[in-house]
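Quick note: the coordinates plus some simple rules give every number you see, no bench work behind them. It should be emphasised that the depicted structure is a prediction, and the values quoted were computed from it without experimental measurement. Methodologically, a virtual Cβ is constructed for each residue, glycine included, from the backbone with ideal geometry; neighbour enumeration extends over all protein chains shown.
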Amino acid sequence: MIDFTEGHRPFDLEGSVAGMMESEDASARDRRPPTKEAVARRLELELLSGQHPAGSKLESERVLSQRFGVSRPMIREVLRGLEQQGIIEVVPGRGSFVRDVRITDAVRPLDALYRQRKPTSRDVISARMMLERETAALAAQHATPEDLHLIEEMLLRFDEARDLVSRARADVAFHAAVAAASRNPVIEAMFGSIATLTFELMLRSLGDPSVSREGVPYHREILDAITARDPKAASDAMAAHLEVALRTYGDDLDQSLDLVAQRKMEQLMNLSAD
């Protein structure tokens with residue numbers, strides 16, 4: 001059993017991660033070769049723990065295969081998977097390099113997982129209600145002047161957008177700016193993971209005058225409450241903003257969001273063709 005107390009010294013996460021990895025490397029020689037999934041998890045943990053700084057070059061396939069006691073083809077598959085996750089960049093003839101992982105890289109697999117489950121409009125609205133009410137309240141408490149300026153800028157971009165897709169993108173950017181203003185990186189990443197689903201909701205809402213006419217004015221109320229440092233007013237304004245879709249979507253509320261968005265895009269294309 002690993003002793004995490006170490007004589008009651010302060011717990012060193014990075015050192016402990018490195019120590020556990022060294023211990024596991026030593027014991028692995030006495031066990032059967034690890035699976036591809038195990039090697040991938042180990043390498044991913046090394047990279048995400050900061051053991052290899054962004055831009056640094058990973059060990060060669062030969063060295064990695066010797067370290068883990070597996071074949072080079074398996075290492076190649078593991079590296080390919082890490083590249084698909086956006087954690088490393090493989091440069092032919094030069095090797096594999098650690099990328100500076102961004103939120104968009106980290107949440108991409110979650111978006112694919114969500115889509116496999118075929119969420120409805122109601123599912124996404126409910127998730128946003130749970131997340132964004134708290135996001136707005138935290139933004140009212142922690143937003144910096146720069147955050148407020150960015151939210152205002154995104155709102156201006158929304159007001160100036162002339163086509164549905166541009167308005168939907170600006171709408172998502174407004175909500176993303178509010179999430180960033182919460183000054184909570186976990187909340188920002190959580191919103192990022194549903195940003196494309198949110199974009200599809202925006203297509204449905206902004207493409208329906210009855211929905212947008214009622215829902216859009218809440219943008220200003222949300223910003224005003226955040227600027228006034230009023231968490232409750234910000235949370236309430238966000239809730240009222242999201243409740244508009246619950247009241248007005250009708251049958252679309254319980255249909256797959258993919259189908260709802262696809263239908264809206266087809267309508268948009270038909271209008272463009274006329």
### the range 134-267 - convex hull of alpha carbons, volume per residue in Å³
95 Å³
### Query
Under a straight-distance cross-link criterion of Cα-Cα below 22 Å, which lysines are reachable from Lys57, leaving out those fewer than 8 residues away in the same chain?
Lys36
### Summary
With label points set 7 Å from each Cα along the Cα-to-Cβ direction at Gln141 and Ala228, the distance between them in nm comes to 1.9 nm
### Task
Can you tell me the order of 74-80, 251-257, 264-270 when each peptide is scored by its average per-residue count of other Cβ atoms within 10 angstrom, highest first?
74-80, 251-257, 264-270
### Task
Any chance you could check the Cα centroid distance between the range 232-255 and the range 41-75 for me, in angstrom?
46 Å
### Summary
Once Arg213 and Glu153 are pulled to full extension, the length gained, defined as 0.36 nm per residue separation minus their Cα-Cα distance, is 19.5 nm
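Report the extension gain between Ser256 and Asn184 in nm, rounded to one decimal, defined as 0.36 nm multiplied by the number of residues separating them, less their alpha carbon distance. If you can, show how the numbers build up before the last one.
Values: separation 72, 0.36 × 72 = 25.92 nm, distance 3.04 nm.
Contour length minus the Cα-Cα distance gives 22.9 nm.
Regarding the range 212-274, what whole-number volume in Å³ per residue does the convex hull of its Cα atoms give? Mind dumping the intermediate values first?
Working: hull volume 6.9 nm³, N = 63.
It comes to 110 Å³ per residue, whole-number rounded.
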